[in-house]
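Student: Here's a structure for you.
Laboratory data are not the source of any read-out in this text; all were calculated from the coordinates shown. Worth saying up front: this structure is predicted, and the values here are computed from it rather than measured. Counting neighbours? That spans all protein chains shown, and the Cβs are built from the backbone with ideal geometry, glycine included.
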Amino acid sequence: MLDRLQRARTRVSDLDAQIQRLEVSIAILRAERLVLQEPLDSYTYPVLTLPTEITCEIFLHFLPPYPACPPITGPFSPTILTHVCRTWRDIADATPYLWSRITLSAQELSLDTQIEISDLWIRRSRSRALAIDLQNNQDQNLMGLKSLIAHRLRWERLTLRIPTSTADVPRTDGPMPLLRYLDINSLFHEDSTPLTFLDAPLLRAVVFNYKAAAMIPVPWAQLTSLTLYYIFPHECVPILAQGLNLVHCELRFVFSPEETDVVLNFTLPRLQTLILQDMYHECPSGLLTSFVVPALRTLQIPAWFFGSTPLDDLRAWILKVGCKLQKVHIIGELETSDEALRREFPTIGDLSVRQYADTDWNPFTY
């Protein structure tokens, strides 16, 4: 018994000695750490010495080019800027433009989570005009639109894809004083829709498919840019009759056998850019003659829109409408070279035949 107690006393003494040696070592390490930490604490990273205005401008260049919307989550979301440090978080939170373009397209997040994040972005955007992009999941788009409808006074751009039924589509009637751009792809089966955009005095650019064009009221007369697609030529007549202020027009036609019997006349006195497409290569020749566009400067047109004598047809049409074309791209194939074309039309500076259409001829960004 006495031996066991003696061994315990000896062991405790040894442990006390080890603890004392370790405490001395820890004290030395802490002193060294303090010496090293002082200059680190006093050092300011150069990026944090930038004026707030410069940092804010750098943040704005983090966004994709306008009007594309950044994702609401992930490495390309402005939210990532708030995760770097407190200074960056404060600057990002105080920069409304970072949060003014909203899309609900994060497949990995539930719709409720995306709406919650979009509500936060809207609060951060303060009074900035909003660009809304709802074009991925059609069913989710309606729920997203419902959550954003209360902010329509701030809408500047709206891109929307909606399903076949209008039963759950929220009403959009009411003033939209900032709305400039509207892009809707509709698959409505009903004969009416609660969507209306008549009270939008700044609306200038519209992109509609045939269903949206037939069912959604907009102030056609004030538009300067219009794109209609999957639409029959005769369906364009009542719309273009009101489009006297159009400067840019893109029409992507479909045709039916009855279409050849319809007499068309599209008089657009201010139009400068006309882009014609045929979605299924079914266009009857001679459709170009339906357009009276004396101010036209830019034309993109499929080769099969002409008859058997395309150069003669183009020359006759130019003389008829009196336009002074500066740029003409003919899409498809013609039995003539670009050099021969330029000899035939020496006053057109940019004249060529190409296989594929240009994807972006619209100078208006809105």
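Student: For segment 42-182, just the Cα atoms, rotate onto the principal axes and tell me the three extents in Å, largest first.
Tutor: 62, 34, 22
Student: Just need log10 I(q)/I(0) for segment 16-107 at q = 0.11, 0.25 Å⁻¹, Debye formula, equal scatterers on the alpha-carbon atoms, no solvent, rounded to two decimals.
Tutor: Per q value, in the given order, log10 I(q)/I(0) is -0.52, -1.23.
Student: How many nm is it between the label spots at Q37 and E344, if each spot is 7 Å from the Cα in line with the beta carbon?
Tutor: Label at Q37, label at E344, 8.2 nm between them.
Student: Size of segment 303-346 along its principal axes in angstrom, Cα-based, largest extent first?
Tutor: That works out to 26, 21, 15 Å along the principal axes.
Student: Of V24, V247, how do they rank once you tally other Cβ atoms within 10 Å and put the fewest first?
Tutor: Numbers: V24 10, V247 20.
Taking fewest neighbouring Cβ atoms as first place, the list is V24, V247.
Student: If you don't mind, there's one more thing I want to ask. What's the whole-number percent of alpha carbon pairs in the chain lying beyond 40 angstrom?
Tutor: 39 percent
Student: Continuing with this model, one more query. What translational D, rounded to a whole number of µm²/s, comes out for segment 219-366 from Stokes-Einstein when the hydrodynamic radius is the Kirkwood one over Cα pairs, at 10 °C and 1.306 mPa s?
Tutor: The diffusion coefficient I find is 102 µm²/s.
Student: Sorted from fewest to most neighbouring beta carbons within 10 Å, what does the list T49, T289 look like?
Tutor: In order of increasing Cβ crowding within 10 Å: T49, T289.
Student: For H61, H248, what ranking results if the residue with the fewest other Cβ atoms within 10 Å of its Cβ goes first?
Tutor: H61, H248
Student: Can you list residues from other chains, or at least 5 along the same chain, whose modelled amide H is less than 5 Å from the amide H of F266?
Tutor: Amide H neighbours of F266: F291, V292.
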